[in-house]
Amino acid sequence: MARTDDSQRFGITRSRARGGYPGRYLGISIFLALGLVLIMGLVGVGPAYGAGFALYEFGARGTSMGGTMIGRADDPSAVAYNPAGITQLEGTQTMVGFSLVMPEGDIETPGNTTSIKSNTWIPPHAYVTRQMSDKIWLGLGIYNRFGLGTEFPEGWPGEYNNLFTRVKSLSFNPNLAYKLTDSVSVAVGAEVMWFDFYQKRMVGQALGGMRAELEGDSWGVGGNIALHYKPNDTWALGLTYKSRVKQTIKGDASFKRNPTAMALGYFNNTSAEGDITLPDSFGLGIMFRPFEKLSLEANAIYTLWSTYDKLEITYGDALTPGSSLGDNKVSSSQKNWNDVWRFQFGAEYDLTDLIKLRLGYVYDQIPDDDEFADYMTPTNDRNIITTGLGLAWDNLSVDFSYSYLWFGERSIKGRPADGVLDSTFKDGRTHLIGTSLSYRF
């Protein structure tokens, strides 16, 4: 009997004409993927428009099917969706891509309607998976789990609550997956997350008003566990848990002071610090393939946003020392968010060996009650319709996605202490366009 070496068992070929073992190409692909993501993730891009401020655009293929990759988990983006599924991937596989997120909407206040300023946010993603043996796989993902971008024109009626809020994150997520049996796999991973917060708004209304800017960042650590069960080609099931991540944000507060504040010595630039615990979540996905060319999947994701009970900032120096306004060394705003569900449905149809067609729908609950809603996240329960296609040639594939998000009108009562007026959030909509490039070595 001829001997079968590891390269044959794992679908890897050696070729002296191409320069030998493909590890050299893996190194190049990792370098390019990480370089692209770091440039995009750290230079002013990343925020988007998800429930609360969670993101789910982990890959164009998954996005085009409403994010239903927890059960399928059969391409490199499984690192983000369900890393236990990477045991379905032979050899070394990579994916890199990004989404364009373009939110729009209006806020109606007494005697005024203000449109959210148009922006395009660009959350990126990149993954590498590697089969180490017939039982063990490694996977690395770099992607955005949280993000937010909401901007209003200067002088709008709600400027004492928000002029511009931007949240960016970038998660480094290595995973180890192990095949327990031919049908059951498990995975465990670590998450190192960079988190950045920036806010601009007006403050000091009693002193004539002035613009305040707050900016800081931090690093936090979390983890994840996952399970994938595929008894046959007809059914697959996935279970995931992503842990909460505590961030201690440190940075600076700066103020464009007016003459009154300057004369009194109030609102001097100072350091600032605040804590936020980003939520953990559970995911369940069931995939069903009624016939060879069609697969269907349903997901349920439960996110514990109750970790976000308040937004509290502690300043290095009192902002109004000795005044009747109080020292104002601590600024606190109640959030009291709720735990919420996200339901996802998706379908994929193999039109030809080259072309795959995809469709999906998402219902996404909001975590904030009306009594605590504000202009940082001016939205309502969301509906999302998704579509897209995939093109494949040998070891290369390209995926495209388009999603349209909308929500119904929502009215809230004013809270003068928080700078919130009687308001109606209306005409909320977001266009999302995504693309991913994958290569199998």
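The values are calculated or read from the model by the stated rules, or taken from the named source; none is laboratory data. Everything numeric here is computed off the predicted structure, so don't read it as measured data. As a convention, Cβ positions derive from the backbone with ideal geometry for all residues, glycine included, and neighbour counts pool all protein chains shown. In case anyone asks, the SASA skips ligands and DNA or RNA and just uses the protein heavy atoms, side chains included. Shrake-Rupley method; radii C 1.70, N 1.55, O 1.52, S 1.80 Å.
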Conditions (1) free of Cβ contacts under 8 Å to residues at least 60 places away in the same chain; (2) within 23 Å of ALA300 (Cα to Cα); (3) assigned to a loop (DSSP other than H, G, I, E, B): number failed by LEU357 | (3)
Inside the range 322-341, can you point out the residues that are more than 30 Å from VAL362 (Cβ to Cβ) and touching a residue at least 40 places away in the same chain (Cβ under 8 Å)?
-> SER323, LEU325
Can you find even one residue in the range 225-242 that is over 21 Å from ASN161 (Cα atoms), modelled with pLDDT of 95 or more and of a type in the set (Asp, Glu)?
-> no
Does any residue of the range 107-128 turn out to be touching a Ser or Thr at 6+ places or on another chain (Cβ under 7 Å), assigned to a helix (DSSP H, G or I) and either closer than 30 Å to ILE276 by Cα or open to solvent by 30 Å² or more (accessible area, probe 1.4 Å) (or both)?
-> no
Say we look at the range 66-87 and pick out the residues that are part of a loop (DSSP other than H, G, I, E, B) and β-branched (Val, Ile, Thr); which of these is farthest from SER99 (Cα to Cα)?
-> ILE70
Odd one out for ILE30 among (1) at pLDDT 95 or above; (2) of a type in the set (A, V, I, L, M, F, W, C); (3) open to solvent by 10 Å² or more (accessible area, probe 1.4 Å) | (1)
Spot the failing condition for LEU163; the list is (1) in contact with a Pro (Cβ under 6 Å, 6 or more places away or on another chain); (2) closer than 25 Å to VAL203 by Cβ, and only one is missed.
-> (1)
Consider GLY41 carefully, then state whether it is modelled with pLDDT under 95, surrounded by 24 or more Cβ atoms within 10 Å (Cβ to Cβ) and part of a helix (DSSP H, G or I).
-> yes
Could you list, in sequence order, all residues of the range 258-304 that are within 24 Å of SER332 (Cα to Cα), under 24 Å from the mean Cα position of the chain (by Cα) and of a type in the set (Gly, Ala, Ser)?
-> GLY274
State all residues of the range 204-248 that are open to solvent by less than 70 Å² (accessible area, probe 1.4 Å), among the small types (Gly, Ala, Ser) and under 30 Å from LEU319 (Cα atoms); if no residue qualifies, say none.
-> GLY204, GLY208, GLY209, ALA212, GLY216, SER218, GLY220
Check on LEU100, touching a residue at least 24 places away in the same chain (Cβ under 8 Å), in a strand (DSSP E or B) and surrounded by fewer than 21 Cβ atoms within 10 Å (Cβ to Cβ) | yes
Taking the residues in the range 171-183 that are over 18 Å from GLU90 (Cβ atoms) and open to solvent by less than 50 Å² (accessible area, probe 1.4 Å) as candidates, determine which candidate is farthest from the chain's Cα centre (by Cα).
-> ASN173
For GLU191, which of the numbered conditions (1) among the charged types (D, E, K, R); (2) touching a Ser or Thr at 6+ places or on another chain (Cβ under 9 Å); (3) free of Cβ contacts under 8 Å to residues at least 60 places away in the same chain; (4) under 22 Å from GLU215 (Cα atoms) fails to hold?
-> (4)
Yes or no: GLY283 open to solvent by less than 20 Å² (accessible area, probe 1.4 Å), more than 19 Å from VAL362 (Cβ to Cβ) and touching a Ser or Thr at 6+ places or on another chain (Cβ under 9 Å)?
-> no
What residue, among those in the range 318-352 that are under 23 Å from GLY71 (Cβ atoms) and of a type in the set (Asp, Glu), is surrounded by the most Cβ atoms within 10 Å (Cβ to Cβ)?
-> GLU348
